[in-house]
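S.K.: This is the structure, below, for whatever I ask next.
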Amino acid sequence: MTKSRLIYTIAAYLLKARWRQTLVAAVGVTFGITMFITLLSFMSGLNDMLDGLILNRTPHIKLYNEIKASEIQPVDKSSDYQSGYNFIQSVKPSLSKLELHNSGAIMSALKSDSRVVGFAPKITAQVFYNVGAIDLTGVINGIDVEAENKLFFFKDYVTKGNYYDLKNIPNSIILGKGAADKMLANIGDVIQVTTARGDRMQLKVVGYFQSGLADLDKVQSYASIATTQKLLAKPNSYITDIQIKLKDIDMAPPVAREFARLFDADAEDIQTANSQFETGSSVRTTISYAVGVTLLIVAGFGIYNILNMMIYEKMDSIAILKATGFSGKDVKKIFVSIALSIGIFGGLLGLGFGFLLSATIDAIPFNTASLPTIKTYPINYNPQFYLVGIIFSLVTTYLAGLFPARKASKIDPVVIIRGK
Amino acid sequence: MSTTNILEARNIVKFFHDPVTMPVLKSINFSIQKGDFVSVTGKSGCGKSTLLYILSTMDTDYEGDLIIDGESMKNRKEVELARVRNEKIGFVFQFHYLLNEFSVLKNVMLPGLKMGKYSDKEVEHRAMEKLKILGIADEALKKPNQLSGGQKQRVAIARAMINDPIIIMGDEPTGNLDKKNSLIVFDVFKELAHNYQQSLLIVTHDPDFAKSTDRIIEMEDGRII
Ligand SMILES: Nc1ncnc2c1ncn2[C@@H]1O[C@H](COP(=O)(O)OP(=O)(O)O)[C@@H](O)[C@H]1O
Ligand SMILES: [Mg+2]
């Protein structure tokens, strides 16, 4: 028999002798791991869902032209005023265009850029929805229906009507659900919008759009690029934004800077635009880990207790093992293996129950008006959680077993034998 | 000094410090040769157990030197001493110290499995041989708590024999037994000494048994007289 097998045999016999308490200790670990897996899967599912809300709808880089005052003012160009620092107050932007200059050239450059997965041109138009005597402010996004669908899953968010009608039916509009509700506009109705410059246009409602962000849906609507250009009385080269998706989202900030320089436009990357969502995700993940670790520590104390009890009860056995030639190290190994087998058994069971509980939650219907694509509670079955779970259970049980095991290894057989 | 000494105590001195420092063993000198059958007698409290714990390497807190099988046991690591106990010394206590979770056979086998010199099968076979010598082979598969006191003590002797130690020590091994069982255990020791030339060092209060040994070491107040 190999050395370690002998150790395991002795450990197994000690476990059998106290199997009830051992089971209770293992159940503690199982409970801890079950909750850890479930919480992490659920929280992470929630994170993915909320991130998806944003990420699916947000380009990695947005190219646009911001209206802002020129950085170089006339006084800076005059040679008479170069010696001092010029303070100028109440600077106003000049009448500059929202239009992205040279959009055709930009788009053909993007097409051949290997870092770019795809791009979708867009026009944002400030409008008023005319409802009887009242005007509601709104924004019409003129989009390339196909590109928008490919990159941002446009179809998923069109809850009623066919998204493709936007392209097929001239002068059509897909209204945000909130805006449609306010206007009492049904599909097939014709609504009237007024542009910021006062031009009016009749548009046919072909669908509702629901992004999941209610505030957005009260304002936003979608039309084709051609319709929007017509609405704004602009030529068919007129584009205000280009939305870009990259192969690697982490590359967005440097690429955005590069594009800004290259195309002489403003470029905003997704990390800058949505930094608050990362914070939310990491807080939720931290909470899940904290709860899981707390439960495991409680389970660890259970194991610590049972081992202490076992050692107290088995003093005689430990003494005779040492008297017949088992070293302190051997005794320590025996008790550490007891702790670890509780950890492995309880941990694996916990992974199983964690999976079952996650699957149960995954099956619970979850319908909310703001999340049209979600039908049940979201669960992320990331194998990494299971790996971390089993490692956690092993580490906690090992630590919980280490101190009693050290105590057992230090037992002096003479003291025990004299005591008899 | 003979070269066949298997165990030698040189000037062993031991103090206990609780509650006050007092000498328990005062310069113990003696040696045991291979095949010796020695008994240790003396009044209760004169230091017999204390001496045996030192000789068995379990107690390392003493002055002087202890030579087992030609090697000094002073300043040895705990693991090394454990190996000496495992391979060279068999110990029988007043109490049997059998593990109730294991069968009689497994109890006897444990030190043999720990030694790792023989395969599992061989250790089992050897354990059965020892149990046969002690006349309890029929009880091999029982749990210790199903045996009588005398039988348990014979299992403990079999366990002490499993690795063919150079010496078996006993600290009042019949102290918990009735007259009849004591006699059986004494006969076992005599048989081991005479038929198997097993070296034995047995602490006893029984004058008849002591007389039947080759040598009697008598102690008084921490000294050999
Ligand atoms: N742990 C201890 N602390 C202090 N004194 C002890 C301790 N163990 C034994 N003694 C004392 O040492 C003396 C010898 O004890 P022991 O060796 O057990 O005697 P014996 O076995 O000959 O009856 C006794 O007086 C006893 O009270
Ligand atoms: Mg004694």
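S.K.: Right, B:Asp138: on the phi > 0 side of the Ramachandran plot and acidic (Asp, Glu) or not? Reasoning before the result, please.
M.R.: Values: on the phi > 0 side of the Ramachandran plot: no; acidic (Asp, Glu): yes.
In short, no.
S.K.: Every residue in segment B:53-97 that is acidic (Asp, Glu) and facing another protein chain (nearest Cβ under 8 Å), please. Even if it seems obvious, please write down each step before you answer.
M.R.: We begin by selecting, within segment B:53-97, every residue acidic (Asp, Glu); these are B:59, B:61, B:63, B:65, B:69, B:71, B:78, B:80, B:87.
Scanning segment B:53-97 gives B:Asp59, B:Glu78, B:Glu87.
S.K.: A follow-up question, please. Contact list please: Cβ distance under 7 Å, first residue in segment A:58-84 and among the acidic types (Asp, Glu), second residue part of a loop (DSSP other than H, G, I, E, B), pairs at least six apart or on different chains.
M.R.: A:Asp76/A:Asn86
S.K.: Cβ contacts < 9 Å: first residue in the same structural domain as A:Ala223 (by TED's automatic domain parsing), restricted to segment A:179-192; second residue exposed (fewer than 13 other Cβ atoms within 10 Å of the Cβ) and part of a strand (DSSP E or B), any location; separation 6+ or different chain. Result?
M.R.: Listed pairs, sorted by first residue: A:Val190/A:Gln202; A:Ile191/A:Gln202; A:Gln192/A:Arg200; A:Gln192/A:Gln202.
S.K.: A further question follows. Checking the conditions here, which among B:Ala158, B:Ala127, B:Ala140, B:Ala210 is within 16 Å of ligand 2 (Cβ to nearest atom) and among the aliphatic types (A, V, I, L, M)? Don't jump to the end; show me each part of the working.
M.R.: Details: B:Ala158 fails: within 16 Å of ligand 2 (Cβ to nearest atom); B:Ala127 fails: within 16 Å of ligand 2 (Cβ to nearest atom); B:Ala140 fails: within 16 Å of ligand 2 (Cβ to nearest atom).
Exactly one residue qualifies, and that residue is B:Ala210.
S.K.: Can you tell me how many residues in segment A:58-77 are in contact with a helix residue (DSSP H, G or I) (Cβ under 6 Å, 6 or more places away or on another chain) and over 20 Å from A:Ile106 (Cβ atoms)?
M.R.: Residues that pass the stated criteria total 1.
S.K.: What tally of residues in segment B:103-125 results from selecting those that are facing chain A (nearest Cβ under 7 Å) and surrounded by 19 or more Cβ atoms within 10 Å (Cβ to Cβ)?
M.R.: So the count comes out to 4.
S.K.: What are the residues in segment B:168-189 that are away from ligand 1 (no atom under 16 Å from the Cβ) and either within 14 Å of chain A (Cβ to nearest Cβ) or among the acidic types (Asp, Glu) (or both), if any?
M.R.: B:Ile168, B:Asp178, B:Asp187
S.K.: Turning to a different aspect of this structure: Can you spot a residue in segment B:19-29 that is within 16 Å of ligand 2 (Cβ to nearest atom) and either within 13 Å of chain A (Cβ to nearest Cβ) or among the basic types (Lys, Arg) (or both)?
M.R.: First pass over segment B:19-29, keeping only residues within 16 Å of ligand 2 (Cβ to nearest atom): B:24-25, B:28.
Within this subset, residues satisfying the condition of being either within 13 Å of chain A (Cβ to nearest Cβ) or among the basic types (Lys, Arg) (or both) are B:24.
Scanning segment B:19-29 turns up at least one residue that is within 16 Å of ligand 2 (Cβ to nearest atom) and either within 13 Å of chain A (Cβ to nearest Cβ) or among the basic types (Lys, Arg) (or both).
S.K.: Out of everything in segment B:41-58 that is part of a loop (DSSP other than H, G, I, E, B) and either near ligand 1 (Cβ under 10 Å from one of its atoms) or β-branched (Val, Ile, Thr) (or both), what residue ends up being nearest to B:Ile28 (Cα to Cα)? Give the derivation first.
M.R.: First pass over segment B:41-58, keeping only residues part of a loop (DSSP other than H, G, I, E, B): B:43-47, B:56-58.
In the following step, the residues that additionally are either near ligand 1 (Cβ under 10 Å from one of its atoms) or β-branched (Val, Ile, Thr) (or both) were identified as B:43-47, B:57.
On the way: B:Lys43: 16, B:Ser44: 17, B:Gly45: 16, B:Cys46: 12, B:Gly47: 11, B:Thr57: 15 Å.
Going through the qualifying residues, I end up with B:Gly47.
S.K.: May I pose another question? Tell me, please, whether a residue that is surrounded by 20 or more Cβ atoms within 10 Å (Cβ to Cβ) and either farther than 20 Å from A:Ile244 by Cβ or touching a Ser or Thr at 6+ places or on another chain (Cβ under 7 Å) (or both) can be found in segment A:148-156.
M.R.: no
S.K.: Next question, about the same structure. Can you tell me how many residues in segment B:30-66 are within 16 Å of ligand 2 (Cβ to nearest atom) and either of a type in the set (Phe, Trp, Tyr) or over 12 Å from B:Ile217 (Cβ atoms) (or both)? Before the answer, list the steps.
M.R.: Going through segment B:30-66, the residues within 16 Å of ligand 2 (Cβ to nearest atom) turn out to be B:39-56, B:58-59.
Next, from what is left, pick out any that are either of a type in the set (Phe, Trp, Tyr) or over 12 Å from B:Ile217 (Cβ atoms) (or both): B:43-45, B:49-50, B:53-54, B:56, B:58-59.
Number of matching residues: 10.
S.K.: Among residues belonging to segment B:203-223 that are of a type outside the set (Asp, Glu) and within 13 Å of ligand 1 (Cβ to nearest atom), point out the one that is nearest to the other protein chains (Cβ to nearest Cβ).
M.R.: Filtering segment B:203-223 down to residues of a type outside the set (Asp, Glu) leaves B:203-205, B:207, B:209-213, B:215-217, B:219, B:222-223.
Keeping just the survivors that are within 13 Å of ligand 1 (Cβ to nearest atom) gives B:203-205, B:217, B:219, B:222-223.
Working: B:Val203: 13, B:Thr204: 17, B:His205: 17, B:Ile217: 21, B:Met219: 17, B:Gly222: 17, B:Arg223: 21 Å.
Among them, the one singled out is B:Val203.
S.K.: Hey, any hits in segment B:67-90 for a residue that's under 21 Å from B:Met219 (Cα atoms), out of contact with any Ser or Thr (no Cβ under 6 Å at 6 or more places or on another chain) and within 16 Å of ligand 2 (Cβ to nearest atom)?
M.R.: There is no residue in segment B:67-90 that is under 21 Å from B:Met219 (Cα atoms), out of contact with any Ser or Thr (no Cβ under 6 Å at 6 or more places or on another chain) and within 16 Å of ligand 2 (Cβ to nearest atom).
The values are calculated or read from the model by the stated rules, or taken from the named source; none is laboratory data. Everything quoted here is computed from the prediction, not taken from an experiment. All Cβ positions, glycine included, derive from the backbone under ideal geometry; neighbour counts span all protein chains shown.
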